[in-house]
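**Student:** I have a structure I would like to understand better, so I am pasting it below and will then ask my questions one at a time.
The values are calculated or read from the model by the stated rules, or taken from the named source; none is laboratory data. Predicted, not measured: the structure shown is a model, and the values here were computed from it. Cβ placement follows ideal geometry from the backbone for every residue including glycine, while neighbour counts extend to all protein chains displayed. Heavy atoms of the whole protein, side chains included, go into the accessibility calculation; ligands, DNA and RNA do not. Shrake-Rupley method; radii C 1.70, N 1.55, O 1.52, S 1.80 Å.
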Amino acid sequence: MANSIAELTDVGRSYGAARVLDAVNLTLRTGESVAIIGPSGSGKSTLLSILGLLDTPSTGSYRLNGVEVAGAKARQRTQLRRSMIGFVFQAFHLVPHLTVRENVLFGMYAKGLTAVEDATTAEAQLAAVGLGHRMHALPSSLSGGEQQRTALARALAVRPTLLLCDEPTGNLDSKNSASVLNLLMDSVAVDRGLVIVTHDTAVADRCERVIQVADGRVSE
Ligand SMILES: Nc1ncnc2c1ncn2[C@@H]1O[C@H](COP(=O)(O)OP(=O)(O)OP(=O)(O)O)[C@@H](O)[C@H]1O
């Protein structure tokens with residue numbers, strides 16, 4: 001049965017006098033793919049940052065795996081983020097002087113994983129995204145699609161409970177978008193949920209749920 005991973009109750013976020021999110025109620029469960037859509041500046045990235053513990057709600061409750069984190073200290077949020085959350089961004093954010101394989105390993109070390117089997121996990125994850133033959137390449141020699149598949153392998157190698165993506169196909173042509181989208185959909189698992197902020201209707205169409213953000217409010 002699907003478990004609730006993330007539960008936002010009456011969440012608001014203000015920056016100074018500007019109210020960016022208002023009374024947001026949202027529950028995300030394992031096995032789900034959720035698209036977040038809405039006009040530019042409506043608060044989508046802010047919502048994703050709150051879900052990923054990069055930002056904190058100004059008001060309301062956020063329960064992550066049953067633990068209240070809205071008022072959690074930075075250290076606890078960092079620990080939870082490391083152990084539970086994976087991110088994929090539009091701009092890939094690979095380390096330029098590390099190879100593809102090293103980028104995935106670096107992501108694992110950054111998450112505090114240092115087991116000997118890390119190299120095997122990293123290589124298996126790269127093979128799973130179709131990059132087994134590019135493991136020793138530098139990011140600059142890869143296509144945009146290959147770079148995003150590396151970023152996805154880096155995120156998945158630590159087995160996140162929640163995979164959060166901000167415009168993951170925003171820098172890709174249609175062919176590379178389709179392959180990254182297929183991999184994202186394949187990454188949804190009984191013990192994992194997927195959230196994608198997107199302007200791309202092809203992406204939203206593939207997700208089970210579509211959440212619309214407008215004027216700081218969400219509707220489904
Ligand atoms: N750190 C911040 N300080 C002040 N204002 C902010 C901050 N972060 C976001 N905002 C404001 O909050 C609003 C929502 O921003 P957000 O990035 O969440 O929108 P978005 O829906 O993701 O937009 P886009 O589709 O253009 O990426 C914007 O008006 C933005 O200027």
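**Student:** Step by step: first the residues of region 55-69, then only those that are among the β-branched types (Val, Ile, Thr) and under 19 Å from the mean Cα position of the chain (by Cα), then the one that is nearest to the ligand (Cβ to nearest atom). Which residue is that?
**Tutor:** In this case the residue turns out to be THR56.
**Student:** Kindly indicate whether VAL190 is closer than 29 Å to ARG19 by Cβ, in contact (Cβ under 8 Å) with a residue 24 or more places away in the chain and either under 17 Å from the mean Cα position of the chain (by Cα) or open to solvent by 10 Å² or more (accessible area, probe 1.4 Å) (or both).
**Tutor:** no
**Student:** Somewhere in region 76-94, is a residue under 18 Å from VAL213 (Cα atoms) and within 15 Å of the ligand (Cβ to nearest atom)? Before the answer, list the steps.
**Tutor:** Residues of region 76-94 under 18 Å from VAL213 (Cα atoms): none.
Within region 76-94 (the criterion being under 18 Å from VAL213 (Cα atoms) and within 15 Å of the ligand (Cβ to nearest atom)), the answer is no, since none of the residues qualifies.
**Student:** Just give me the residues in region 199-220 being within 23 Å of ALA18 (Cα to Cα) and open to solvent by less than 10 Å² (accessible area, probe 1.4 Å), in sequence order. So that I can check it myself, show each step before the final result.
**Tutor:** Restricting attention to region 199-220, the residues satisfying the condition of being within 23 Å of ALA18 (Cα to Cα) are 211-219.
Those that are within 23 Å of ALA18 (Cα to Cα) and open to solvent by less than 10 Å² (accessible area, probe 1.4 Å): ILE211, VAL213, GLY216.
**Student:** Can you tell me which residue is nearest to GLY41 (Cα to Cα) among those in region 174-219 that are at pLDDT 90 or above and among the basic types (Lys, Arg)?
**Tutor:** ARG217
**Student:** Name the single residue that is farthest from GLY86 (Cα to Cα) among those in region 48-76 being in a helix (DSSP H, G or I) and either touching a Pro at 6+ places or on another chain (Cβ under 7 Å) or at pLDDT 95 or above (or both). It would help to see each step written out before you state the result.
**Tutor:** Start the filter on region 48-76 by keeping residues that are in a helix (DSSP H, G or I), which leaves 48-51, 74-76.
Next, only the ones that are either touching a Pro at 6+ places or on another chain (Cβ under 7 Å) or at pLDDT 95 or above (or both) stay: 48-51.
Numbers: LEU48: 12, SER49: 12, ILE50: 13, LEU51: 11 Å.
The selected residue is ILE50.
**Student:** A further question follows. Kindly indicate which of SER4, SER49, SER40 is open to solvent by 40 Å² or more (accessible area, probe 1.4 Å) and within 13 Å of the ligand (Cβ to nearest atom).
**Tutor:** SER40
**Student:** Out of the residues in region 7-37 that are away from the ligand (no atom under 11 Å from the Cβ), surrounded by fewer than 18 Cβ atoms within 10 Å (Cβ to Cβ) and small (Gly, Ala, Ser), state the one that is nearest to ALA70 (Cα to Cα).
**Tutor:** This residue is GLY12.
**Student:** Find all pairs meeting these conditions: Cβ atoms under 7 angstrom apart; at least six residues apart or on different chains; first residue within region 1-30 and touching a residue at least 40 places away in the same chain (Cβ under 8 Å) and hydrophobic (A, V, I, L, M, F, W, C); second residue open to solvent by 70 Å² or more (accessible area, probe 1.4 Å) and within 16 Å of the ligand (Cβ to nearest atom).
**Tutor:** ALA23/ARG217
**Student:** May I pose another question? If THR150 meets every condition in (1) at pLDDT below 90; (2) in a helix (DSSP H, G or I) apart from one, which number is that one?
**Tutor:** The number of the failed condition is (1).
**Student:** So, one more: In this structure, does GLU102 turn out to be more than 12 Å from the ligand (Cβ to nearest atom) and assigned to a helix (DSSP H, G or I)?
**Tutor:** Numbers: more than 12 Å from the ligand (Cβ to nearest atom): yes; assigned to a helix (DSSP H, G or I): yes.
So GLU102 fits the description; yes.
A quick yes/no check of all residues on (1) under 16 Å from the mean Cα position of the chain (by Cα); (2) open to solvent by 30 Å² or more (accessible area, probe 1.4 Å); (3) under 30 Å from ASN182 (Cβ atoms):
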| position | (1), (2), (3) |
| --- | --- |
| LEU53 | yes, no, yes |
| GLY71 | no, yes, no |
| ARG75 | no, yes, no |
| GLY86 | yes, no, yes |
| PRO96 | no, yes, yes |
